[in-house]
Amino acid sequence: MPESPSLCLSCGLCCDGTLFRDVELQPGDDARMLSAHGLPVEHLRRKSRFPQPCAMLGEGCHCALYEHRPLRCRQFDCAQLMAVAEGTSTRAAALRRIQRARAAADEVRRLLTVLGEADTHRALLSRFQRLQRRFEAGGQSHPATALWAKAAAAMHRLNLILSRDFHPRHSTARRPPIQ
Ligand code: SF4
Ligand code: SF4
């Protein structure tokens, strides 16, 4: 969680499994120290990473590991933070975009849970893809298939919002604030 606590504490999308499935540790990160602080670091093929939703994310989007958080967490600035820092968007506009993205993610989570994919310890995309495999295998009832179509549309909408408003390669510069 970067250096804009007021926005990040209203958001948490880069820690709660909405934007990312996992976070890779970088040279300079102390995996042993992070594990000792409770971060569930996994080692696989010479890479170390920890899954999202992050176990360190607490109430009010507080990071329980804030002082010791990994490098990627320190370095990540989403497009909203960048735009506010650059002066190309306002804090109020960023908050509106955050609220819209969180609502879209909540809707996807709600639909996935209704469809039986209720594992809140998995990242949103992983949950979605598990269901996708199940429906692609066929044999689902018409009502369930109709609900799945709704979930897929909600996921598509969320991905558009995340791609446009949060992934850092897309700055909000030169776009007017949402109404
Ligand atoms: S997505 Fe952006 S605003 Fe939200 S917590 Fe991450 S860095 Fe902060
Ligand atoms: S360690 Fe903290 S900043 Fe990093 S993903 Fe977890 S909650 Fe977010």
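Throw me the Rg/Rh for the chain, computed over C-alpha atoms with Kirkwood Rh, two decimals. Let's see the in-between values first.
Values: Rg = 17.5 Å, Rh = 17.5 Å.
In the chain, Rg relative to Rh is 1.00.
Excluding ARG96 itself, calculate the net charge of residues whose Cβ lies under 12 Å from the Cβ of ARG96, where each Lys or Arg counts +1 and each Asp or Glu counts -1.
Numbers: positive: ARG91, ARG97, ARG100, ARG102; negative: ASP165.
My count for the surroundings of ARG96 gives +3.
Taking all protein chains together and a probe of 1.4 Å, list MET155, MET82 from the most accessible to the least accessible. Walk me through the numbers on the way to the answer.
Working: MET155 10, MET82 50 Å².
Descending accessible area places them as MET82, MET155.
Determine the calculated [θ] at 222 nm for the chain from helices alone, applying -39500 (n - 2.57) to every DSSP H run no shorter than 4 residues and normalising by the residue count; nearest 500 deg cm²/dmol. Walk me through the numbers before you get to the answer.
Values: 7 runs with 84 residues, N = 179.
Mean residue ellipticity at 222 nm (helix-derived): -14500 deg cm²/dmol.
Taking all protein chains together and a probe of 1.4 Å, list PHE166, PHE76 from the most accessible to the least accessible.
Details: PHE166 0, PHE76 40 Å².
Correct descending sequence by accessible area is PHE76, PHE166.
If you take every residue apart from GLU107 with its C-beta less than 15 Å away from the C-beta of GLU107, what net charge results, scoring Lys and Arg +1 and Asp and Glu -1?
Details: positive: ARG100, ARG102, ARG109, ARG110, ARG127, LYS150, ARG157; negative: ASP16, ASP106, GLU117.
That works out to +4.
Is there a quick way to get the dipole size of the chain? I mean about its Cα centre, with the Cβ of Lys and Arg at +1 and of Asp and Glu at -1; what is the value in debye to the nearest 20? Please report the intermediate quantities before stating the final value.
On the way: 27 positive and 17 negative charges, 114 e Å.
It works out to roughly 540 debye.
Provide the solvent-accessible area of LYS47, counting protein heavy atoms only and rolling a 1.4 Å probe, rounded to the nearest 10 Å².
That residue has around 90 Å² of solvent-accessible surface.
Cα centroid distance between segment 39-78 and segment 112-140, in Å?
After rounding, the separation between the Cα centres reads 24 Å.
Please list, in order, the residues from segment 108-131 whose amide nitrogen is less than 20 Å from a point placed 7 Å along the Cα→Cβ vector of ALA152.
Flagged as within label range: 108-118, 124-131.
With every protein chain left in place, what is the accessible area of LEU71 in Å² (1.4 Å probe, nearest 10)?
Rounded to the nearest 10, the figure is 50 Å².
The values are calculated or read from the model by the stated rules, or taken from the named source; none is laboratory data. Note that the coordinates shown come from a computational prediction; the quantities given were computed from them, not determined experimentally. Because the Cβ atoms are built from the backbone with ideal geometry, glycine has one as well, and the counts that use them run over all protein chains shown. Accessible surface is based on the protein model in full, side chains and every heavy atom, while ligands, DNA and RNA are left aside. Shrake-Rupley method; radii C 1.70, N 1.55, O 1.52, S 1.80 Å.
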